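Report on the structure given below.
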Amino acid sequence: MARKKSGLEMRLNQSPAGRAFDVFNHVFFTLWALLMMAPLVYVLVGSISTTGMTYMKFGNFTLEAYSSIFKSARTMGALRNSMIITVVGTAIRVACTTATAYVLSKSYLPGHRAMMVIVMFFYLFTLGLIPDYIVEANVYHLKNTWWALWLKGAIGSSNLIVMMNFFRNLPAEVEESARIDGCNEAQSFLHIALPMSKAAIATFTLFYAVDMWNEYLKSIIYIDNADKWPITVWLRQYIVMSQGNMLEDISDYVEAWLPSNAVKFATIMVSTIPIIMVYPFLQKHFAKGVLVGSIKG
């Protein structure tokens, strides 16, 4: 049996053109990663600067901007709202997407073709913002409720199609064995399909969580109550109110010398860090789930 070559041996056996291409890839994507990190680094530095990096001047180190944020009940309430919206909304979307995809992956079910036509129609067309608002606000009375954020887009058509194809590629023999042992469709879904789809589910969980955390447009359209605002909407209020000199909600806690830029930058960091912390927990599943649809026997 031939010995499998290690990665080092394969690189040593590469042609000069292949090695040059690898070097180019490493250099290019390293520079690209640094370029993508530059805005985040700038915001971080500005949030701990007494000048807010105005005119690219750092000034002195200070954590006054972060102190003002954590003393602001409105900001902490917005962070709490975002966490609730993200956790519940992600759970709803993942549950709806996986369950619907599993059903649609069974081509022998009655009405399968009609359901696929409906899915493809809404994949290609949307009803528009105004009809959506009229239906959800006036018919279903979801105005000023988080259900408007949770139910809207609960099943993403593109994610549904990918997940459906993933379920189709699962070994049919496993499900057949489960049915012989007495499992019904629901049990096969819960005990067979879902455990075999952890990588794909983790990937879509990450996508949905980022989407829910960064939700802004639907929040500002459907939620007028400031007590229910997520952090994205409250950050916008920070920016609007800071067009004056200070932010009225936290003016009692911020020193007069602290520029509004520092407070805005600190708010951006506080709203960004929680969702970034999710990545390490899903990284190993995400690396496998990017190529959903492939099965190794």
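Within region 198-239, if we keep just the residues that are of a type in the set (Asp, Glu) and in a helix (DSSP H, G or I), the residue that is farthest from the chain's Cα centre (by Cα) turns out to be ASP227. Inside region 123-146, can you point out the residues that are hydrophobic (A, V, I, L, M, F, W, C), assigned to a helix (DSSP H, G or I) and surrounded by 14 or more Cβ atoms within 10 Å (Cβ to Cβ)? The one that is hydrophobic (A, V, I, L, M, F, W, C), assigned to a helix (DSSP H, G or I) and surrounded by 14 or more Cβ atoms within 10 Å (Cβ to Cβ): ALA137. Scanning region 144-185 for residues that are over 27 Å from MET120 (Cβ atoms) and among the aliphatic types (A, V, I, L, M) yields VAL174, ALA178, ILE180.
Among the residues of region 253-260, is there at least one that is at pLDDT below 80 and in a helix (DSSP H, G or I)? The answer is yes; a qualifying residue exists.
The values are calculated or read from the model by the stated rules, or taken from the named source; none is laboratory data. The model shown is predicted, which means the values in this text are computed figures rather than measured ones. Positions of Cβ are backbone-derived with ideal geometry, glycine not excepted, and every protein chain shown enters the neighbour counts.
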